[in-house]
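J.: Take a look at the following structure, please.
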Amino acid sequence: MNRNKITGDNGENMAIDYLKNKGYEIRFSNWRTGHLEVDIIAEKDGILCFIEVKTRHSDDGIYEEDVLSDQKKERLIEAAEIFIDEKNIKNEIRFDLIFIILQNRIQKIRHIEDAFTHDIL
């Protein structure tokens with residue numbers, strides 16, 4: 001397994017632990033449909049969250065909000081639309097970003113709720 005895959009998997013596992021500690025119910029991790037994937041689908045207070053996790057080995061000054069390209073946002077929205085349709089979801093939804101820095105054995109986690117807007121539901 002390559003280093004990026006290991007880093008990503010570690011970050012997603014940390015994000016799941018973080019979300020559980022914050023009271024989220026994890027519905028799915030690495031949910032896939034066709035070529036689309038959502039890292040984590042979780043629910044809290046009746047809101048269904050589609051969560052993208054980004055993990056880095058250093059805090060290189062990248063602004064967390066800038067790591068999601070327009071194309072990635074479109075793919076997340078498309079995946080959410082399919083999920084909502086398949087599961088007949090009626091919940092309010094939002095798109096979150098969890099940014100994790102793994103630097104010198106220190107973990108920094110930043111959770112950005114409503115990382116971008118959408119017109120679903």
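J.: Which of the following residues is surrounded by 19 or more Cβ atoms within 10 Å (Cβ to Cβ) and either modelled with pLDDT under 90 or closer than 19 Å to I101 by Cα (or both): E52, E64? Quick ask: steps written out before the conclusion?
T.: Details: E64 fails: surrounded by 19 or more Cβ atoms within 10 Å (Cβ to Cβ).
The conditions single out E52.
J.: Among the residues of the range 11-30, count how many are surrounded by 15 or more Cβ atoms within 10 Å (Cβ to Cβ), closer than 20 Å to V67 by Cβ and not small (G, A, S).
T.: 5
J.: Also: Could you list, in sequence order, the residues of the range 1-29 that are in contact (Cβ under 8 Å) with a residue 60 or more places away in the chain and not in a helix (DSSP H, G or I)?
T.: Scanning the range 1-29 gives a single hit, K22.
J.: While we're looking at this one, here's another question. Of the conditions (1) surrounded by fewer than 11 Cβ atoms within 10 Å (Cβ to Cβ); (2) more than 15 Å from the chain's Cα centre (by Cα), K87 clears all except one; give me its number.
T.: Failed condition: (1).
J.: While we're looking at this one, here's another question. Determine which single condition R32 fails, assuming it passes every other condition in (1) among the charged types (D, E, K, R); (2) under 23 Å from D119 (Cα atoms); (3) touching a residue at least 24 places away in the same chain (Cβ under 8 Å).
T.: The single condition R32 does not satisfy is (3).
A quick yes/no check of all residues on (1) at pLDDT below 90; (2) over 16 Å from the mean Cα position of the chain (by Cα); (3) in a strand (DSSP E or B); (4) surrounded by 18 or more Cβ atoms within 10 Å (Cβ to Cβ):
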| position | (1), (2), (3), (4) |
| --- | --- |
| Q71 | no, no, no, no |
| L76 | no, no, no, yes |
| R94 | no, no, yes, yes |
| L97 | no, no, yes, yes |
| E113 | no, no, yes, no |
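The values are calculated or read from the model by the stated rules, or taken from the named source; none is laboratory data. Because the structure is predicted, anything quoted here is derived from the model rather than measured. Every residue, glycine among them, receives a Cβ derived from its backbone with ideal geometry; neighbour counts consider all protein chains shown.
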